[in-house]
Structures are given as structure tokens and as C-alpha cells.
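The values are calculated or read from the model by the stated rules, or taken from the named source; none is laboratory data. Quick caveat: nothing in here was measured; it's all calculated off a predicted structure. Note: ideal-geometry Cβ built from the backbone for every residue, glycine included; neighbour counts use all protein chains shown. In case anyone asks, the SASA skips ligands and DNA or RNA and just uses the protein heavy atoms, side chains included. Shrake-Rupley method; radii C 1.70, N 1.55, O 1.52, S 1.80 Å.
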Amino acid sequence: MADAISEKLYSEACALLPGGVNSPVRAFKSVGGTPVFVKSAKGAYLVGADGTEYVDYVGSWGPMILGHAHPEVVAAIAEAAANGTSYGAPTEGEIRMAEAIRDAYPHMEMSRMVSSGTEATMGALRLARGYTGRNVVVKCIGGYHGGADYLLVKAGSGLATFGEPDSAGVPPTIAATTASIHMNDLEAATALFEARGAEIAAVIVEPVAGNMGLVGPEPGWLEGLKALCEKHGALLIFDEVMCGFRVAYGGATERYGVVPHLTCLGKIVGGGVPAGAYGGPREIMSRVAPSGPVYQAGTLSGNPLAVAAGRKTLALLRAPGTYEKLEAISAELEAMLVAAAKEAGVICTVQRVGAMITPFFHDGPVKSWREADRCDRAAFGRWHAALIAHGVHWPPSQFEAAFPSLAHDSEALAKTRAALGPAFAAARG
Ligand code: KE4
């Protein structure tokens, strides 16, 4: 239950913004109740409209890996802003940003900055279609890659069939160019390629999925997808918008050692300022306008504020010991969740890869949407409401990952631990 001020603000917002929000998941629709309106944030904490302090695990859905309002990131943004917020002309900073991306992801010899993860995946997929001359893209059921029409697609009646719109406004002819398979189902991927391989431009996957809840790649999944793409002349695209710079400095590619043909980045790459990027080998990226025929553009792409925030964030993440510290924090959170669920006698499978974590109210491992879809959504909703009531701001959906940060110190974790008891008691119903 949110505070009275958030309630009032929400009713005002609903008169002016669809669902009272500027992005659907923020509306708490899948968990019920009113969203907390945020007044400020610092480190591991949000301050709600009524002054209530929350330990925050949404972290702006991933960007705030350093914690909110990191003083060096804020200073970098302020310094850049004093020199102008956007020029619409090239800057040296964009070169240094592309170098920093290449240092983390060596296969990204060239990259193009954009202003969101959606733009990054749209750019990469148009490039894959332009590069291969093919039209079909393949995604995972339960995978999310932003709001492009052909990505808002649900699986057809059978597996590996072509998509049907998963949103109003998406023409069936567009949805039909997208095929869906279950994550970690290499058999389905192989069958699809054998049936339609010559038409497939790209497979786009979250190598570590966060948008069906946290689901990691089974051994051989990523390697198998790459082999299929190479065999059939398609491109493998890793959508690392969420897991990039989070599951390792070099993301899933560093963690699992599988190098895709193209990578999409977002969230952390902009340090909390709107930004995204896509990139890969020069041989592919040189097809992007103006050096090649694949058009893609953006007024604020690579703007000085995003570049300043992104470069400072990546520089701070390169500090020695960063990912060991993040791993220790995330492992402690995982242990707390497991212990509290056990203590309450609640069936809950906690899954984690690095600093991405989800408690699934499901008996047994979740390896794809097949299992995720069988979670007890009502139990998660009760659990989430109790966390909010006890000062912990957790992603408001069973099908999202939570994002511990480097700012989640022992005090923040202790406050979280104290809230988990009541939360799992509420989940038990
Ligand atoms: P944006 O256009 O929202 O910056 O990025 C789209 C996107 C692309 N790829 C992946 C793997 C993503 O997770 C996202 C966006 N993630 C959601 C969280 N599930 C953002 C939160 C929201 O939609 O408000």
C-alpha cells in the first residue's frame, strides 16, 4: 500500500498519462496497489513522496549499478551540462565512449550510440536484415527487446511457428516475420533453422534473461545458437541491454565466452541518462548509414550528458574488485531470500546470475517461459505488497529481475532481511 501522497499524485497522473505512468511496468498493475512516487534517491535508497525511505532493488531497471546519485556521475553530468546539453554534431567524447565499449566488448570494433535499448535492438535487427538480405527474426518466448512492432510478438499456436501480435497496433503481416522459440530449447531452434534457415536474418536473445524473471543460459545454449547461425548464414544478436556491464564488465560475452555477431547495450551504458548502443565487427557495422545502406539516426544519439554519465560509470566499474564486491552483495541477498522463504515454509526458487536475481514462486528451476508462466503470481503480489509496506522497493512483477547495486551495504541488506520475514509470511497467505 503506497502512501497518501503517492495515492493523490497517482490519481492526478492518471488524468494526464496513460495508466498514470510513462512506462507500463511502473504502474504496479501485475502486483496491484498504487506505485510509490519517488521524490529523490541516493545510494541504495529511494525516498517516496511522503518522505518514506525504501531500500531500492529496481535501480531504474538496471542502470543504477553504482547506486543512485553517485557523486562522481552527478558531477560529470553537471560539468557536461555547463558546456551545453546537446549539439547535434560530433564530439571527442563519443570516440572515447566507443573505445570504452570496445574495451569491454572487443568484438564491438564499431558501435553506434542511440538513446534507448529499444533503438539499439531496432538498429541491430535492421542491420541484420540489411546485411543478410533476409527478413525473418527469431526471439525467445518471454524475451523482451523493447517496443519495436516485430518484437511485440507472441508465439503462434505451435512452437517455433511465426508470431502473432502481442500488442494492439502491430500488423499481423509484421508479426509474421518473427518466430519464437523457448529459451534453452536448442532442439526447437535447430528444427526452426532446418525448416526456415534460409529466411532467418538473426536470432536475438537476452543471453541472461531478465524479462521473464531471471533465467540463465543452460550449458550449450548460447554456443548452440551461434553454431546454428553460422551454419545457416544468420546473425546472432546478444541483447545485453539489461545484463551488459552487470553480469560481468564485459557482460554475458565475458561471462560465458560466446561472442555474438552483434551486441545491443543500454541502461548502464548511459549511467542513468537515456542511452543505448549497438555494435560489432567493422565488416558488419560499416553497412550502417552514412557509411552503408542501412539507415538509422537519432537527434540525441551520443549526446554529451549521456556520454559523460556513461563514460564515468564505466570508468568507476573498471576499478579493481568491483565485480567481486557486487558478487558478494548479490550472493548475500540470494542467501537471505532462500533462508526467509524456507523459514516461512513458502515454495520459492531463487535464481541469480551475478547482480540479477528473481525469487520465482514456483517449485523447481525456471529454464524458460514454460516454467515461469506457472509461477504463483498472487503469492508474488502479496510478497511484493508486504515488502513495500516494510520499506523495500522491489520490481513490481514476478517476471522481472531485481538489481542489487554496489551501494547495497550491510545496513541496506539488514533492512531488507528484516522485511523478508513479513513478506514471505504474506506470500504464504
Ligand atoms: P528501453 O527501450 O526500455 O531502454 O530498453 C528496452 C529493453 C531492451 N532489451 C532488454 C533486455 C530490456 O530489458 C529492455 C528494457 N527493460 C525493461 C525492464 N524489463 C525496462 C523497464 C520498462 O519497460 O519501463
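Side notes on the structure shown:
- Selection over region 10-24 of residues that are within 12 Å of the ligand (Cβ to nearest atom) and either touching a residue at least 12 places away in the same chain (Cβ under 8 Å) or crowded, with 17+ Cβ neighbours inside 10 Å (or both) gives a count of 1.
- Leading residue by the ranking (surrounded by the fewest Cβ atoms within 10 Å (Cβ to Cβ)) among those in region 312-330 that are β-branched (Val, Ile, Thr) and closer than 20 Å to Asp103 by Cα: Thr322
- Any hit, region 93-109, residues being at pLDDT 95 or above and in contact with a Cys (Cβ under 6 Å, 6 or more places away or on another chain): no
- For region 249-260, residues that are within 16 Å of the ligand (Cβ to nearest atom) and either within 20 Å of Pro404 (Cα to Cα) or modelled with pLDDT under 95 (or both) total 3.
- The set of residues in region 368-403 that are closer than 30 Å to Ala189 by Cα and of a type in the set (D, E, K, R) comprises Arg370, Glu371, Asp373, Arg374, Asp376, Arg377, Glu400.
- Only one of Ile65, Ile77 that is in a helix (DSSP H, G or I), touching a residue at least 60 places away in the same chain (Cβ under 8 Å) and either open to solvent by less than 20 Å² (accessible area, probe 1.4 Å) or at negative phi (or both): Ile77
- Looking across Gly117, Gly93, one residue alone is within 16 Å of the ligand (Cβ to nearest atom), over 21 Å from Phe193 (Cα atoms) and open to solvent by less than 40 Å² (accessible area, probe 1.4 Å). It is Gly117.
- Put simply, of Ala2, Ala27 the only residue that is within 14 Å of the ligand (Cβ to nearest atom) and of a type in the set (A, V, I, L, M, F, W, C) is Ala27.
- Test: residue in region 233-241 that is more than 15 Å from the chain's Cα centre (by Cα), open to solvent by 20 Å² or more (accessible area, probe 1.4 Å) and within 16 Å of the ligand (Cβ to nearest atom): no
- Residue in region 222-229 that is of a type in the set (Asp, Glu), within 20 Å of the chain's Cα centre (by Cα), away from the ligand (no atom under 15 Å from the Cβ) and open to solvent by 10 Å² or more (accessible area, probe 1.4 Å) present: no
- Count - residues of region 216-239 that are outside any helix (DSSP H, G or I) and either without any contact (Cβ under 8 Å) to a residue 40 or more places away in the chain or closer than 17 Å to Arg129 by Cβ (or both): 10
- Comparison of Val273, Val269 shows that the only residue that is in contact with a Phe, Trp or Tyr (Cβ under 9 Å, 6 or more places away or on another chain), more than 17 Å from Leu125 (Cβ to Cβ), within 15 Å of the ligand (Cβ to nearest atom) and hydrophobic (A, V, I, L, M, F, W, C) is Val269.
- Cβ pairs under 8 Å, 6+ apart, first in region 191-215 and outside the structural domain of Arg370 (by TED's automatic domain parsing), second of a type in the set (S, T, N, Q) and within 11 Å of the ligand (Cβ to nearest atom): Ile204/Thr121
- Count of region 375-429 residues, restricted to those that are touching a residue at least 60 places away in the same chain (Cβ under 8 Å) and of a type in the set (Asp, Glu), is 2.
- If you go through region 240-262 and pick out every residue that is touching a residue at least 12 places away in the same chain (Cβ under 8 Å) and assigned to a loop (DSSP other than H, G, I, E, B), you end up with 15.
- Take the conditions (1) open to solvent by 20 Å² or more (accessible area, probe 1.4 Å); (2) within 16 Å of the ligand (Cβ to nearest atom); (3) touching a helix residue (DSSP H, G or I) at 6+ places or on another chain (Cβ under 6 Å); Val137 misses just one of them, which is (1).
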